[in-house]
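Worksheet for the structure shown next.
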Amino acid sequence: MFSATRIAAALALGCAAIGAQAHSVWMKPSSTVLSKADWVTVDAAVSNDMFFFNHRPLGLDKLVITAPDGSTVEPKNAHKGELRSVFDLKPEQAGTYQLAIVNSGVMGSYKDSAGQMKRLRGSADEIAKQIPADAKEVRVAESISRIETFVTMGKPSPLRLSGKGLELVPVTHPNDLVTGEEATFTFHVDGKPAADVEVVLVPDGKRYRDAVNEIKLKTDAQGQVKVKFPTAGMYWLDADVKDDKTSTPIAKERRLAYVATLEVLP
Amino acid sequence: MTSTVSRFTVALTAVAGLPAVAGGLNLGVELPRLEVAEYHRPYVAVWLERADGTVAANLSVWYEVKKRDAEGAKWLKDMRQWWRRTGRELSVPIDGVTQPTKPAGKHALSFSEGSNPLPKLEPGQYKLQIEAAREVGGRELLSIPFEWPAKQATSLSAQGKTELGEIKLELKP
């Protein structure tokens, strides 16, 4: 089954294995709420369970950290290990820092004259060159995935939106989450609220219980979901959308994925 | 009783030169003596919330004011409710509000309406909120609801279980 998150994971890993084992990608900061400019360390991994390092590190090449004033901040002490990548960040400005890894690309497959399945991967232009004239069953999909998390020092500031692909837009600010208070998030596709987006929230600590305890939601006509977090802790949020609004004519399908790590305080 | 209050009211009016008498709050905060290996004086925040949850006043915030490089501000966020309601919008230290942390025992605070940090309060329902967070320790939040202005001198209290002891609130009409 094609899943935008799987494709995002495959792209993030830099491999063309569509249909590979489903894995979750995430960044997990040591703190998301600070009352003073202080160091925060962030883990980034691709794994099976939240938030355990049991598969591969997440590449940080496409990591962009945006400060409250819109400037870009370089991660410090970035390192890629066996199971996780890690980097440090010291938020000096009051407001919200957005940490994001955005991947976009085109993937696909075709069958050559001998009936052999061949994979395609790259940008739209590169893919076009890879497909021979006699190719059959050409399937090309475009993919945009965004992996995000947020750290706020002092008073939360509004998020900067890209207006492209699938993204979370606060009604409730992602660094203002507590148990017992309902949070509302809007999901945008290409800058507009999107209805019927499937959203899943998974709480931390899967290893120490039997059930995954995921919370399944769907955006309403206004593109919103409302959630009351049952327990405090870190939550992994995953939203996926499939449409046909591709940016290149050779891709007939577009898969959008959005992943965020949210900290819910007691 | 009524005549005493009237005379008292007249006397105060003459002294203060105000058209109406300003009330006040007396607060008793008990920090329990805890038998722990590593004891740190708790961070404490006292504030008033209106019925709708908005903050009417920050009355007292005890934190490690004197630490180098404002290091003491690092733990203000651990007073979680205070931080979200008002703390994160403020810049500490604040004259008349912030103080150094205090030792275990009973502490008395006194506030007069119209005198920093207690502004003139609109009549209505309020909650006195007091939150304590202790390093290598726990966190506790107590609420004392009250109506303002008080028609007569009123004594209210709340009892903490872990990080706070007895909290006494006296309303002065």
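Summary of values
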quantity	calculated
Residues located in segment A:45-72, provided they are in contact with a helix residue (DSSP H, G or I) (Cβ under 9 Å, 6 or more places away or on another chain) and part of a strand (DSSP E or B)	A:Val46, A:Arg56
Subset of segment B:109-163 (residues that are among the polar types (S, T, N, Q) and more than 13 Å from B:Val29 (Cβ to Cβ))	B:Ser112, B:Ser115, B:Asn116, B:Gln125, B:Ser143, B:Gln152, B:Thr154, B:Ser155, B:Thr162
Qualifying positions in segment A:52-81 - touching a strand residue (DSSP E or B) at 6+ places or on another chain (Cβ under 7 Å) and surrounded by fewer than 11 Cβ atoms within 10 Å (Cβ to Cβ)	A:Thr72, A:Asn77
Out of A:Thr179, A:Thr231, sole residue that is over 26 Å from A:Glu142 (Cβ atoms) and within 14 Å of chain B (Cβ to nearest Cβ)	A:Thr179
Pick from segment A:202-229, criterion in contact (Cβ under 8 Å) with a residue 12 or more places away in the chain and acidic (Asp, Glu), ranking: surrounded by the most Cβ atoms within 10 Å (Cβ to Cβ)	A:Asp204
Scan of segment B:39-49 for residues that are more than 15 Å from B:Gln99 (Cα to Cα) and part of a loop (DSSP other than H, G, I, E, B), ordered by number	B:Tyr39, B:His40
Total residues in segment B:50-96, condition assigned to a loop (DSSP other than H, G, I, E, B) and more than 18 Å from A:Leu265 (Cβ to Cβ)	15
Strands (runs of 3 or more DSSP E) wholly inside segment A:143-251 containing at least 2 residues that are within 16 Å of the chain's Cα centre (by Cα)	A:166-170, A:183-189, A:198-203, A:233-243
Search result, residues across segment A:110-126 that are surrounded by 15 or more Cβ atoms within 10 Å (Cβ to Cβ) and within 24 Å of the chain's Cα centre (by Cα)	A:Leu120, A:Arg121, A:Gly122, A:Ala124
Which listed residue is more than 14 Å from chain B (Cβ to nearest Cβ), at pLDDT 90 or above and in contact with a strand residue (DSSP E or B) (Cβ under 7 Å, 6 or more places away or on another chain), from A:Ala45, A:Ala4, A:Ala9, A:Ala94	A:Ala45
Meets criteria (hydrophobic (A, V, I, L, M, F, W, C) and more than 29 Å from A:Asp38 (Cα to Cα)) for B:Leu48	yes
Number of positions in segment B:21-38 that are at pLDDT 95 or above and either buried (at least 19 other Cβ atoms within 10 Å of the Cβ) or in a loop (DSSP other than H, G, I, E, B) (or both)	7
Considering residues of segment B:125-173 that are assigned to a strand (DSSP E or B) and among the β-branched types (Val, Ile, Thr) only, the residue surrounded by the fewest Cβ atoms within 10 Å (Cβ to Cβ)	B:Thr154
Whichever residue in segment B:34-92 is among the acidic types (Asp, Glu) and at the interface with chain A (Cβ under 10 Å from one of its Cβ atoms) and, among such residues, is farthest from B:Leu118 (Cα to Cα)	B:Asp69
Residue count for segment A:224-243, restricted to those that are among the hydrophobic types (A, V, I, L, M, F, W, C) and closer than 13 Å to A:Ala260 by Cβ	6
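Condition check ((1) aliphatic (A, V, I, L, M); (2) within 14 Å of chain B (Cβ to nearest Cβ)) across all residues:
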residue	(1), (2)
A:Pro132	no, no
A:Ala135	yes, no
A:Ser143	no, no
A:Glu148	no, no
A:Val151	yes, yes
A:Pro156	no, yes
A:Glu167	no, no
A:Pro174	no, yes
A:Phe187	no, no
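The values are calculated or read from the model by the stated rules, or taken from the named source; none is laboratory data. As the structure is a prediction and not an experimental result, all values here were calculated from the model. Neighbour counts run over all protein chains shown; Cβ positions are idealised from the backbone, glycine included.
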